[in-house]
Amino acid sequence: MDRSRVGYGQYCPISHALDVIGERWTLLVVRDLLTGTTRFNDLARGLPGLSRSLLAKRLRQLERAGIVEHLDGSYLLTPAGQELLPVVLGLGDWGARWTFEDPDPDELDAELLVWWMHTRVDTSALPGHRHVLAIRFVDDPRPFWIVIEAGRPSVCRTDPGYAVDATITAEVRALYEVWLGAQPLRHALRTGTVRVDGTEAWRRRLPDILQLSVIAPYVASARAAAPA
């Protein structure tokens, strides 16, 4: 691997690993690559605090390090990059147990949440060509739609003009809590924290169609183990 940038100057595998992945934003880029994002514009949309120029720089560094390959417009993890999955999930597990407290208001980005949610749509159980899921936040006036066409989900900020199969309504924080595993969806539905309007079939299938974050099991486990 190329470790040409200035590093820690220590002959230790931990310091050598940090030479490659220890810079700001690098592991979050890897996180999104591990969860299936491969296009530059999609990576940029999922990392709104990261400038496009710095994203390009980080991707070049990951390429030089042998962690990412750039093929036909896509950024794909090499075997070395794929082996970072337990590292990233391990950080998520540790963070859920030791650092994941109540959110700051500026961390609750409704648009980013919907973007993350659309990356976890399981379309295998959806018959037909097109499906539309609307998301409404009671504390954010912006409407969002997740449109699934031919098995490919996308996010719309303007009305796509198609019939809506189901509408999710919630406060931004409440939907974050469900998505990240801090609050079970069934509990949120039972208490009215999250409301789903649509056919009974959609209400039944939604937990399978709209899967939670890959970090949700760790957050749920940490919350369950926390003192009352």
Which distance in nm do the two modelled labels at R152 and V164 give, with both placed 7 Å along the Cα-to-Cβ direction? 2.5
With +1 on the Cβ of every Lys and Arg and -1 on the Cβ of every Asp and Glu, the dipole magnitude of the chain about its Cα centre, in debye rounded to the nearest 20, is 220
What list of whole percents do you get for P(r) of region 134-189, with Cα-Cα distances grouped in 10 Å bins up to the one holding the largest distance? 21, 48, 29, 2
For the chain, the Debye formula with one identical point scatterer on each Cα and no solvent gives log10 I(q)/I(0) at q = 0.07 Å⁻¹ as -0.26
Length-normalised contact order of the chain in % [C-alpha pairs under 8 Å, at least 6 apart]: 15
How do 165-176, 25-36 rank on mean C-beta neighbours within 10 Å, highest first? 165-176, 25-36
In nm, to one decimal, how far is the modelled label at D42 from the one at D140, with both set 7 Å along Cα→Cβ? 2.0
Within region 106-131, find all residues whose amide N lies under 13 Å from a label point positioned 7 Å from the Cα of D208 along Cα-to-beta-carbon. 122-127
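Where a number appears in this text, it was derived from the coordinates with a stated rule and is not lab data. No experiment lies behind these values; they were computed from the predicted model shown. Please note: Cβ atoms are built from the backbone with ideal geometry, for glycine as well, and neighbour counts cover all protein chains shown.
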